[in-house]
Amino acid sequence: MKLKLRVYPDPVLAQKAARIEAITPDVKQLAQDMAETMYANDGIGLAAPQVGQSVRLVVVDLSGPEVRDDLRVFVNPVITEKSSEIVETEEGCLSVATLRANVKRAAQVTVQAQDLDGNELTIEADELLAVCLQHEIDHLQGVLFIDHISRLKRSLYDKKVKKWMRQQDKAGAN
Ligand code: NI
């Protein structure tokens, strides 16, 4: 089932997500629904807080855009190593409407997580996967890519968001 996306400044996006203690059928269902939601929105990654569930679950699929066939699910992912080499990549986020901006991140990371069967995974990621995993794991800490951009860009974006919210309030009142 496709889930409703939470969009900045929804407070759930700023919360630190809880560890998943047991991979229950509900957790498996959530992973499946998150994948469906990611595909429906042409995303390459999605973290559970983005669908209003404050738990440490991430789905990633870098394939596409036509065929999406490389789904990876990460339960409780943690970055255990980061390269000192930095890359700058233009990022967007399904929870951050319209904005894309350059973000600097480690070029390579090692991530430990579990899969949906509870197996321990160690992933050595580079290129887009490294960037995507850092972006998604940030979500579990309540951090968005706009927390990494310049103060000026951020304040311009916040002004825009406030204006949209005022317009929505007005539309709602009519
Ligand atoms: Ni995101």
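A few points about this structure:
- Listed residues Met34, Ser150, Gln112: farthest to the positive end of the dipole of the chain (Cβ charges): Ser150
- Computed about the Cα centre, the dipole magnitude for the range 6-84 is approximately 400 debye when only Lys and Arg (+1) and Asp and Glu (-1) carry charge, each at its Cβ.
- Taken about its Cα centre, the range 11-149 carries a charge dipole of about 500 debye when Lys and Arg each add +1 at the Cβ and Asp and Glu each add -1 at the Cβ.
- Scanning residues 5 or more positions from Glu91 or on other chains, those with amide H under 5 Å from its amide H are Ala101, Asn102, Val103, with H placed 1.01 Å from N in the peptide plane.
- Packing, as the average of other Cβ atoms within 10 Å across residues, places the peptides 114-120, 124-130, 137-143 in the order 137-143, 124-130, 114-120, highest first.
- Proximal lysine pairs, the chain, alpha carbons under 15 Å, eight or more residues apart or interchain: 5
- GNM top mover of Val73, Val60, Val161 - the chain, alpha-carbon springs below 10 Å: Val161
- Distant-in-sequence amide H partners of Ala18 (H built 1.01 Å from N, under 5 Å): Val55, Arg56
- C-alpha center-to-center spacing [the range 83-100, the range 136-171] in angstrom: 14
- Shape call, the range 11-149: gyration tensor on alpha carbons, a/c limit 1.5: rounded
- Per-residue extension of 0.36 nm, minus the Cα-Cα distance of Gln114 and Ser84, leaves a gain of 8.3 nm for this segment.
- Averaged over residues, the count of other Cβ atoms within 10 Å places the peptides 105-113, 24-32, 44-52 in the sequence 44-52, 105-113, 24-32, highest first.
- Helical contribution to [θ] at 222 nm, DSSP H n ≥ 4, -39,500 (n - 2.57), averaged over the chain, rounded to 500: -10500 deg cm²/dmol
Readers should treat all values here as calculations from the given coordinates under stated rules, not as data from a laboratory. What you see is a predicted model, and the numbers here were worked out from it, not measured in a lab. Counting neighbours? That spans all protein chains shown, and the Cβs are built from the backbone with ideal geometry, glycine included.
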